[in-house]
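What follows is a single structure, written as structure tokens, with notes after it.
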Amino acid sequence: MKQWFYVFMMWSTTFFGGWAMASAEGPPFRQGELVVIDNIDLVPGNMIKRQHRNAGIVVLEVTPGAEQQEIARLKKMGIQAHLNRIARKFVTTGDPFSSYQWHFDNVQAQQAWTLSTGEGVTVAILDTGLNNGGPDGIHCVVSPASMLGNASGAHDGDGHGTHVSGTVGQSTGNGVGVAGLAHGSCIMPVKVLNDEGSGTFSDIAAGIVYAVDQGAKVINMSLGIDARFGITRDPVMDPALDYAYASGVTVVAAAGNDGFRKNVSYPAIYKTTLSVGATDYNNSLVRYSNQGTGLDLVAPGGNLSADGNGDGYADGVLQETFDGNGFGYWFYQGTSMASPHVAATAALLIANGTASHPDDIKSALTQTALDLGESGPDKKYGFGLVQAYSALLWVAGSPLPVPEGSCTDLDGDGVCFEEGDCDDNNAQVHPGMNEKGKRSRDGLDNDCNGIIDG
């Protein structure tokens, strides 16, 4: 079927992809701040963050996420408070087809780019490799490698890895093609899947270690094993994932395309990995996306059977890649396409100085995600849709308020996440768990006391 931007097709394999506003409600504002311009002398001193007395302006410090509640409370005291809205330079990418990248609008890309583009951060894409010979291309490529021992090195003979890489680091503002979400970052293509889209755990594990040793700060893996196997750990890949975490590297993985509701795929389900499900143009979970235990976030993955925005083209994720006829701009769908949105956002946070350790990055992303579905984290959407701009404004130690009466128990151990379950993806970890016997040697903080095997 010939359409705009060459051919749009659909497929699905072991890598979670397929061929083929959530932006803030109202104008953006500075979280954790309010402004008073009248009756400034009535403002309690402990709330004052800074003053511009010559202008008759006082900026108040409030709990992030509780701005509207504080406005109502202050009004009862006779104080008129306002949101501290944000103005920004007017910037566009200059890429002619970026208007079809609805998926970036859904994660606040334009707003985020006023604060960060990922400059100086290396994102490793463990996939089918990279073919950077297109007219648009990747902004920065460093340390390409193959774990397969093939003569062609990290060259992508499939197209999947090139498409995934583009979501993160496509050249942007060059007047050609499309944009990348973290277009200031560098891509490290590590070929761990062959040109049919499959690869061994040993090659993937070697790729993780290589990426860490070569200086990657974020690793994206749009790959995995069928969620129905129920694999949560693996003796070959687990040590590599642990090495990445211990080295301060954030690992992001696709939840999988099996349409399974009980749990996500491995390695996405692993304790130190950020797992990502897929949503469509309307921010609804798509049918192919896995959900359940282990799901952390969702991001745009696309739906090639719909045209929700009415632009005349299927609602896939658009990036530059290639087929047998050469390079073009292709709509793909899959959790493969969702995962690099989160990896790119992690790069934005690191470059901006918002967060660097995997735990802080996870907190920033999950605490600022757009809550979808049931109130609070749930098995269908995890913590919600990643929001890049909101995450960039995250401040460590300022968690968002938990809705009263919330009880999230993703692992079914009877202990709520809100009650202090420090790993709600593992039923062997929760406050009160007896950390003796075999558990004293399993490498986990079973009783959530902050000490592993304690």
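Numbers below:
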read-out	value
Radius 9 Å from Cβ of Leu193, net charge of other residues (Lys, Arg +1; Asp, Glu -1)	-4
Difference of contour (0.36 nm per residue) and Cα-Cα distance, Arg50 to Arg228	58.6 nm
For the stretch 231-316, radius of gyration divided by Kirkwood radius, i.e. Rg to Rh on alpha-carbons	1.08
Using θ = phi - 60° and Karplus 6.51 cos²θ - 1.76 cosθ + 1.60, couplings along the stretch 373-385 (whole Hz; Gly, Pro as x)	x, 5, 5, x, x, 9, 6, 8, 10, x, 7, x, 7
Simple spin-label estimate for Ala306 and Glu196 in nanometres, 7 Å along Cα-Cβ	3.4
Debye-sum result for the stretch 29-85 in log10 I(q)/I(0), which assumes one identical scatterer on each alpha carbon, at q = 0.25, 0.28, 0.29 Å⁻¹	-0.99, -1.25, -1.33
At R0 = 22 Å, FRET efficiency that the Cβ-Cβ distance of Asp213 and Val236 yields, to 0.05	0.80
Cα extents of the stretch 98-392 along the three principal axes, largest first (Å)	49, 45, 37
Charge dipole magnitude, Cβ of K and R +1, D and E -1 - the stretch 98-392, Cα centre, debye nearest 20	520
The stretch 165-233: Cα Rg divided by the 2.2 N^0.38 Å rule of thumb	1.34
Projected label distance in nm at His357 and Glu61, using a 7 Å step from Cα toward the beta-carbon	2.2
In Hz, Karplus ³J(HN,Hα) per residue of the stretch 318-331 (6.51, -1.76, 1.60; θ = phi - 60°; x = Gly, Pro)	9, 8, 7, 7, 8, 9, x, 9, x, 7, x, 10, 10, 8
Whole-Hz ³J(HN,Hα) from phi, Karplus 6.51 cos²θ - 1.76 cosθ + 1.60, for the stretch 363-368, glycine and proline x	4, 4, 6, 6, 6, 10
For Val251, distant residues with modelled amide H under 5 Å away	Ile219, Leu274
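Coordinate-derived values only; no laboratory data. All of these numbers come straight from a predicted model, not from anything done at the bench. Heads up, the Cβs are rebuilt from the backbone with ideal geometry, glycines too, and the neighbour counts pull from every protein chain shown.
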